[in-house]
Amino acid sequence: MAQITIDIPDDLAQQLAPFQNQFSSLFTQLIAPTLLGQPTQNPSTPDHNLISTSGTYQEILDFLISRPTSEQIIHFKVSNASQNRLQTLLQENREASLTAAEIAELDLYEQLDTLIAFLKIRAYTTLNTAPKN
Amino acid sequence: MSDYIPASLRQLVSQRASNACEYCLIHQTFSIYRHEVDHVVALKHGGQTTAENLVLACLPCNRHKGSDLTSLDPITGEITPLFNPRTQTWSDHFKLEGGYIIGLTASGRTTIFLLKMNEASRLQLRQALAAQGLYPEPPHDLQNV
């Protein structure tokens with residue numbers, strides 16, 4: 001099983017302490033289905049949304065699990081397929097024709113972007129404070 | 001209706017903007033996506049796919065702008081045109097304090113409001129970048145990433 005290390009504020013850590021041994025199952029039960037878009041809100045196109053959302057999400061997960069270097073984190077970009085999916089959603093957004101599931105998908109893409117952006121800052125700082133040979 | 005933009009035009013728009021969002025100034029280095037090319041005047045309002053009508057926008061700015069041309073000034077409540085990066089100058093309409101974007105004009109305030117430029121997570125990100133000297137402009141070695 002893969003391990004993920006995340007930084008959380010101290011006060012949140014305190015509040016979460018009683019649930020420490022349940023993190024793994026909580027993550028699986030609560031967070032993963034939401035992020036993976038499994039309970040889709042649009043029954044007419046569930047497969048399409050499931051596949052595309054999982055694509056970008058899976059890509060980011062695979063990247064994080066690969067133990068990337070700071071350099072790799074700074075330069076990380078999603079694949080062309082994921083970029084194209086985002087482009088399609090933004091175009092539909094301009095035409096105001098997004099389904100509820102697609103709005104949720106865009107929300108997810110924004111959240112993932114924010115998360116990795118903070119990682120990129122961390123990686124940059126790490127690189128710049130590392131002793132130079 | 002298609003928003004198709006030829007690769008050469010995309011490249012021109014990105015380079016002209018130095019790969020930074022022309023609304024909130026965030027550089028695409030710190031995104032997992034490339035910034036998207038957006039029509040200032042959307043096709044549905046008769047906008048053209050020409051260099052004079054295209055801007056580079058990050059995901060949140062692009063998303064919140066949609067095809068809008070105006071919104072309400074949060075102070076006066078009046079319908080106000082959005083900031084146009086092609087015909088107007090950023091520093092005439094906005095200023096930065098840390099990562100916080102302040103509107104100097106009605107258009108500036110209206111654009112900040114509609115595009116949710118100071119939304120908590122976006123503000124926090126820009127403040128974190130600014131604290132490391134990575135915003136509004138990243139160091140030179142990161143600018144072409």
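The values are calculated or read from the model by the stated rules, or taken from the named source; none is laboratory data. This structure is a prediction, so every number in the text was calculated from the model and none was measured. Every residue, glycine among them, receives a Cβ derived from its backbone with ideal geometry; neighbour counts consider all protein chains shown. Just so you know, the surface numbers come from the protein's heavy atoms only, side chains and all, with ligands and any DNA or RNA stripped out. Shrake-Rupley method; radii C 1.70, N 1.55, O 1.52, S 1.80 Å.
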5 Å-binned pair-distance histogram of the range B:86-145 (Cα, whole percent): 4, 17, 23, 22, 19, 11, 2, 0
Compactness of chain B - radius of gyration and Dmax, Cα, Å: 14.8, 43
Loss of accessible area when A meets B, both sides summed, Å² nearest 100, probe 1.4 Å: 3000
Hits among lysines - C-alpha to C-alpha of B:Lys65 under 29 Å, sequence gap 8 or more where chains match: A:Lys77, A:Lys120, B:Lys44, B:Lys95, B:Lys116
Spin-label model distance (nm) - A:Phe118 vs B:Asp68, 7 Å beyond Cα toward Cβ: 2.7
For the range A:79-133, the fraction of alpha-carbon pairs in successive 5 Å shells from zero, as %: 4, 16, 18, 18, 13, 9, 8, 6, 4, 2, 1
Accessible surface of B:Asp92 - all protein chains present, 1.4 Å probe, nearest 10 Å²: 90
Lys, Arg +1 and Asp, Glu -1 on Cβ, resulting dipole of the range A:54-133 about Cα centre, debye, nearest 20: 540
Unit charges at the beta carbon, dipole of the range B:1-88: most positive-side option, B:Cys58, B:Thr70, B:Gly46: B:Cys58
Over chain B: helical MRE at 222 nm, DSSP H runs n ≥ 4 each giving -39500 (n - 2.57), nearest 500: -8000 deg cm²/dmol
Check: the range B:1-90 dipole with +1 on Lys, Arg Cβ and -1 on Asp, Glu Cβ, in debye: 280
Heavy-atom SASA rank of B:Thr29, A:Thr88, A:Thr5 (probe 1.4 Å, accessible area, largest first): A:Thr5, A:Thr88, B:Thr29
